[in-house]
Every structure is written in structure tokens, then in C-alpha cells.
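A short worksheet on the structure shown next.
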Amino acid sequence: MMNGLSGTALKSGCLPFCLFLMIAVPGNSFAEGDVKSAREDLESRDWQTRLAAVEKIGVDKDHESITLLMEVAGMRSEYWQVKIKAILLLGESGDPKVTDLLLSIFNDTFNNWECPSIKSYTAIALGNFRGDKRVVEALISGIDDRELLTREASIRSLGKIGSVKAVPYLISVLGDKSPAVKLSAIKSLRDIGDPQAIPHLRHIAENDGDTAVKKEAGKSLESLRRRGGQD
């Protein structure tokens with residue numbers, strides 16, 4: 001779970017990761033022939049109706065459903081909760097044709113200014129696309145983002161993707177002032193499993209001032225050792 005709530009998020013009415021997950025809208029099967037009905041719901045002035053439509057659409061992974069979700073995710077004026085749900089569903093689809101859209105949303109500086117949660121959720125969605133080098137490069141850039149939520153999400157998605165290219169960048173934030181960032185980097189280094197992280201994790205496990213960080217570094221260190229890494 002990511003922590004932190006930026007002043008920008010408060011001003012825009014845009015809430016972070018943990019609060020958004022509290023909003024539950026029951027999902028129903030998106031039956032064939034419901035495209036027209038879904039489009040009508042997506043034109044409703046009520047954002048909860050639009051959110052329910054997006055969740056209904058997201059049950060299927062067919063071309064029509066993906067196209068509708070892309071339209072919602074790419075709409076700049078869409079309410080942030082509806083937009084984020086569409087982004088997450090596109091990520092879960094794993095469909096490579098959505099990668100360009102997700103990358104454009106992630107790299108849009110307007111999103112980071114207006115609602116940082118949009119960029120952080122897009123980082124989460126991008127973690128489902130292992131085979132695209134552009135995704136790794138974008139997430140590496142997210143490690144230095146000004147918003148804590150985006151930094152954490154980018155770091156965790158890099159661990160999920162498992163790219164060795166990200167290891168030096170993850171090592172570089174082990175000394176970050178934010179315990180949340182350090183914990184995310186430690187877990188991602190464990191997920192990637194590259195032995196070059198071992199001496200850095202050992203240093204954190206022995207010297208960090210945060211008990212939780214030290215404990216997590218120790219767990220990751222042992223995991224890498226078990227996988228045959230040299231200490």
C-alpha cells in the first residue's frame with residue numbers, strides 16, 4: 001500500500017490510492033449487444049453511473065470493450081475516479097495496443113499537476129507490460145517524479161516487470177529520505193533478483209535507522225542469497 005497525500009491532490013479533490021480502493025461499485029457481466037447501453041451510461045452526467053459502466057465494460061477483454069475503455073482513459077475532461085478505473089482495467093487487459101495510450105497519459109505533465117493519482121495508477125497499469133522497453137524507460141523516469149505516489153508505483157511496477165536495467169536506479173534510491181520509497185525499492189530488488197543488489201541491501205539491513213526498512217532489507221538479502229547470489 002502506498003502512502004502520502006499531496007497538497008495538489010487535496011486541492012483538486014483527487015484522493016490517493018488507498019482511499020480510491022474503498023469505492024466499490026458492483027460489476028455485472030458485459031453481455032454482447034450492450035455496447036449501445038454502455039455508451040449511453042458513459043454519457044451520463046453522474047460520475048457513479050459512468051464508473052459502473054466502465055466496470056461493466058471491463059469484465060470482457062474483447063476489441064469493443066478495450067476501445068471503449070481507451071476512449072474513457074484518454075478523455076481529459078473525465079472525472080478522475082472514472083478515468084483511473086479505465087486505466088487500471090486497460091492495464092489488466094495486457095493488450096499491447098493500449099501501451100501507447102498509457103504511456104502518453106503517464107508522460108502528460110498536466111495529469112501530474114491536476115491529479116497525481118492518475119499518473120501513479122498509470123504506473124501500476126504499466127507494470128503489466130513486460131515486453132516493451134519504452135515502459136521500462138518511462139517507469140525509470142518515474143522514480144524521480146516529484147510526487148511520492150508516482151515514485152512508489154513506478155518502483156513497484158519495475159519490480160513486477162523484472163527488468164535488470166532498473167536495478168542501478170532502484171539501488172540509487174535505497175538512501176531516499178522516504179521509508180516508503182526505500183521499502184518499495186527493496187521489495188522490487190528482491191523481485192528482480194539481481195545479485196548486484198546484495199551489498200547494498202546488506203548495508204541497509206545493518207545500518208538503516210528505520211526498523212521496518214532494516215527488516216525488509218534483511219528478507220530481500222536472504223532471498224537473493226538463496227537464489228545463489230554472492231555475498
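The values are calculated or read from the model by the stated rules, or taken from the named source; none is laboratory data. These figures come from a predicted structure and were not determined experimentally. For neighbour counting, all protein chains shown are included, and Cβ atoms are generated from backbone atoms with ideal geometry for every residue, glycine included.
Against the definition (assigned to a loop (DSSP other than H, G, I, E, B), at pLDDT below 95 and touching a helix residue (DSSP H, G or I) at 6+ places or on another chain (Cβ under 8 Å)), how does Gly33 come out, yes or no? So Gly33 fails the test.
When we screen Ser141, Ser117 for residues that are in a helix (DSSP H, G or I), under 28 Å from Asp46 (Cα atoms) and among the small types (Gly, Ala, Ser), the only hit is Ser117.
When Ala53, Ala125, Ala38, Ala73 are checked against the criterion of being surrounded by fewer than 21 Cβ atoms within 10 Å (Cβ to Cβ), in the same structural domain as Ser154 (by TED's automatic domain parsing) and in contact with a Ser or Thr (Cβ under 9 Å, 6 or more places away or on another chain), Ala38 stands alone in meeting it.
Scanning the stretch 178-210 for residues that are assigned to a helix (DSSP H, G or I), more than 22 Å from Leu149 (Cα to Cα) and not small (Gly, Ala, Ser) returns Pro195, Gln196, Ile198, Pro199, His200, Leu201, Arg202, His203, Ile204, Glu206, Asn207. Counting residues in the stretch 95-114 that are over 27 Å from Val213 (Cβ atoms), surrounded by 16 or more Cβ atoms within 10 Å (Cβ to Cβ), in contact with an Asp or Glu (Cβ under 9 Å, 6 or more places away or on another chain) and modelled with pLDDT of 95 or more gives one or more. In the stretch 156-177, of all residues being part of a helix (DSSP H, G or I) and among the small types (Gly, Ala, Ser), the one that is farthest from the chain's Cα centre (by Cα) corresponds to Ser172. Annotation: of all residues in the stretch 120-137 being within 9 Å of the chain's Cα centre (by Cα) and part of a helix (DSSP H, G or I), the one that is farthest from Ser93 (Cα to Cα) is Ser120. For the stretch 176-193, the condition of being in contact with a Pro (Cβ under 9 Å, 6 or more places away or on another chain) and without any contact (Cβ under 8 Å) to a residue 40 or more places away in the chain holds for none of the residues.
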